[in-house]
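Q: One structure, pasted below without further comment.
The values are calculated or read from the model by the stated rules, or taken from the named source; none is laboratory data. For clarity, every value in this text was computed on a predicted model and none was experimentally measured. Counting neighbours? That spans all protein chains shown, and the Cβs are built from the backbone with ideal geometry, glycine included.
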Amino acid sequence: MHASPSFFQRLFQRVETSLLRHGSEPKTIFLLAVLSVLDGFLPMLPAEMFVLALCVLQPQKGKVTVVVFALASALSAFLLALGMGTLTESAESLSQKLMGSQGPELLAAMRDWGPVSMVFFSVFPDSPRSAIALFALSGVSPESICAMVFIGKLMLYTALLLLIHHLPSRVGRWRGVGPFWVSWLQRRASRFVAYCRRIRRRARCLNQGTWTFPRNS
């Protein structure tokens, strides 16, 4: 007897199916970018998944995808920082209660180093919601946070695009070469390339009407 999938499983399957079926259409880039703006507020599907799938399914639009999604992440960060910035005065009083006389000094340090460190936090996958909220509460301007998130996400998505385009031609040459840590990287690279191929294959099967989701046992 098969267990019925949960609501979130069905929702994920529908989103995944729509992404693979319509991922080769240029308008999908902008529709998913608009949806990814909400990722800064709600833990939805991370924008990195959208970028990966779109760069695989629309390689000729890879640069457009990278820039559009970096802008969407920056807009999301700006809106979140703008909302949190209204609580700046409360943050000042809260820091004094929690840290005493060192509170204002800590907030001042965050204001000085916040924008630069936001680039570091933004390079990692997913939205740096906690960092955005913390820096906004410390008084860092939404414009600065927006600019730094854009730079960080642009670096992340560009690296992802380069991996998709250049890694498949190099994986075969690396096999069986080098010490243990090189072999470890080779295995991860091979899995990444295989995942990209799986995305293309599933999209092709969906468009041809030959793909069905496996049932949960």
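Q: Count, please, the residues in region 20-66 that happen to be over 17 Å from LEU163 (Cβ atoms) and among the hydrophobic types (A, V, I, L, M, F, W, C).
A: Residues in region 20-66 being over 17 Å from LEU163 (Cβ atoms) and among the hydrophobic types (A, V, I, L, M, F, W, C): 15 in total.
Q: Quick check on my filter: what residues within region 170-205 are in a helix (DSSP H, G or I) and either at pLDDT below 65 or among the acidic types (Asp, Glu) (or both)?
A: ARG170, VAL171, GLY172, ARG173, TRP174, PHE180, TRP181, VAL182
Q: Within region 56-103, track down each residue that is at pLDDT 85 or above and among the charged types (D, E, K, R).
A: Matches in region 56-103: LYS61, LYS63.
Q: Taking SER117, is it out of contact with any helix residue (DSSP H, G or I) (no Cβ under 7 Å at 6 or more places or on another chain), over 24 Å from PHE135 (Cβ atoms), assigned to a helix (DSSP H, G or I) and at pLDDT 75 or above?
A: no
Q: Restricting attention to region 130-143, which residues are at pLDDT 80 or above, surrounded by fewer than 18 Cβ atoms within 10 Å (Cβ to Cβ) and outside any loop (DSSP other than H, G, I, E, B)?
A: Of everything in region 130-143, just one residue is at pLDDT 80 or above, surrounded by fewer than 18 Cβ atoms within 10 Å (Cβ to Cβ) and outside any loop (DSSP other than H, G, I, E, B), namely GLU143.
Q: Sticking with this one: Tell me, yes or no, whether region 148-156 has at least one residue that is modelled with pLDDT under 80 and over 21 Å from ALA53 (Cβ atoms).
A: no
Q: Could you list, in sequence order, all residues of region 46-86 that are touching a Ser or Thr at 6+ places or on another chain (Cβ under 8 Å) and surrounded by fewer than 17 Cβ atoms within 10 Å (Cβ to Cβ)?
A: PRO46
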